[in-house]
Amino acid sequence: MDISGAADILTWNKWVFSFLGIWPLDDSNKLFLFHYIYFMIHTCLEYVELFKYLNNLEYVVANLTENLVITLTFLKISAYRINKNELRKMSNDINDDFKEESYKDSEEKALFLEYNAIAQKFMKVGIPITLIAAVLYYLRPLTGHVIVDTSHLGNTSHSYIMPYRITLFFEITNFQMYVFMYAFEILNVPIIAFGFIGTDCLLITLVLHLCGQLAVLSHQVRNLTMNPQNFQNEFRVIVMKHLRLIRISKSLDTAFNQILIQQLVGMSLLLCLAGYNLIAMSDSGQNVHLITFIFYACSVSMLLFAYCLIGEYLINESTKIQDAFYNSTWYNRPPYQLELFLICMVFVQRPLVLTAGKIYSLSLSTFARNYSRRQSGKLVMFIFYALTIIVQLLGYCFIGECLISEVNCRTFVREILIMNYCTFD
């Protein structure tokens, strides 16, 4: 069985990261500074626009839908650059795992390639979907009128629609200037696409690679020799490999736990805003914009699911090592071998996990667990739910502004909070 194609996943990650200038094995400071400063200026202009029209609820919701993606992308790129040395060590550490001589038989190769194929499929599906969403969002003004009446924003003038909601400190007075500024914003498309989901491709690649190596290790434990002459060497290799995988797992958690908590909180709110926009677009008949937000919601949903899925894989594979030790014929081994097995059994009782902020273990079960259970992740889930309530309130206020003068606001808010609290509890 050939594993030469497994290294393609590293090449694809290199392409994405090299464009942003944050590939761990490459010191392209000039490219990084160019993209980073360009994107930082764009992010600041987004926030200026947000605070400029803070009293317009409809515009704030539309701005936040875009602004949150920009902010999360900017934070991701910054965090990856800060953790560059840690990522470099991990990338160098896994290079030998892509060599044929690292595996004894075809079954070990098959176990490794199974998880490698999942990572490749994610990149093949995730990056195109995100790119399509980014391109469609960029082209939205071209699907309708490029000139809009801005009287609802506090004046009676007209202005050209830019692809992103930013504040320009000068007025676009003619079509030629508009085309130039519109084209100037095109660099944000690959930065947002690669920065939003492309940066997570390395995380998913590393975690799934770790899962593949844990699966290989479980296979080696199950097939550990009974021959006393070879046992010592084989057992030493297993222990050293397990310690190496534990070190990689801890490095991954250290490098990514703060990124993940930011992403989980931010993307939970993004899903709420995307759902709100989908409802608004479907009612208004704006089919092109509706398709844009469908891709937008799919990208966010897929990324949230990917975080939980790789966390589930990591827990399952580390648990299988524990099962492999327990199910082996340790009770038929000599006393000195039995002692080694018992030490390993104690050592592997706690599975490896990927956490968000060191307080929430990512897995399919904990993500879907009932909110009423008392656990460390409950605080995070409560934050997500509170954000959902806030978006509901914004939606109700926007759709039914006339209710402000006709309904007791306190009763209205209290009923919503009670309804959601009952579901949470």
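Any read-out appearing in this document is the output of simple, stated calculations on the displayed coordinates, not a laboratory observation. Worth saying up front: this structure is predicted, and the values here are computed from it rather than measured. Cβ placement follows ideal geometry from the backbone for every residue including glycine, while neighbour counts extend to all protein chains displayed.
Just a few scattered comments:
- Cα-Cα over 22 Å, subset of Lys121/Lys358; Lys30/Lys124; Lys14/Lys76; Lys89/Lys320; Lys84/Lys124; Lys124/Lys241: Lys121/Lys358; Lys30/Lys124; Lys89/Lys320; Lys84/Lys124; Lys124/Lys241
- Going by neighbour counts of Cβ atoms within 10 Å, the residues Leu309, Leu31 line up, fewest first, as Leu31, Leu309.
- Listing Tyr160, Tyr336 from fewest to most neighbouring C-beta atoms within 10 Å gives Tyr336, Tyr160.
- Altogether, the Stokes-Einstein calculation at 10 °C and 1.306 mPa s, with the Kirkwood radius of the range 4-367 over Cα pairs as Rh, returns a diffusion coefficient of 69 µm²/s.
- Of the trypsin sites (Lys or Arg not before Pro) found in the range 74-106, those in coil by DSSP whose Cβ has at most 15 other Cβ atoms within 10 Å are Lys99, Lys104.
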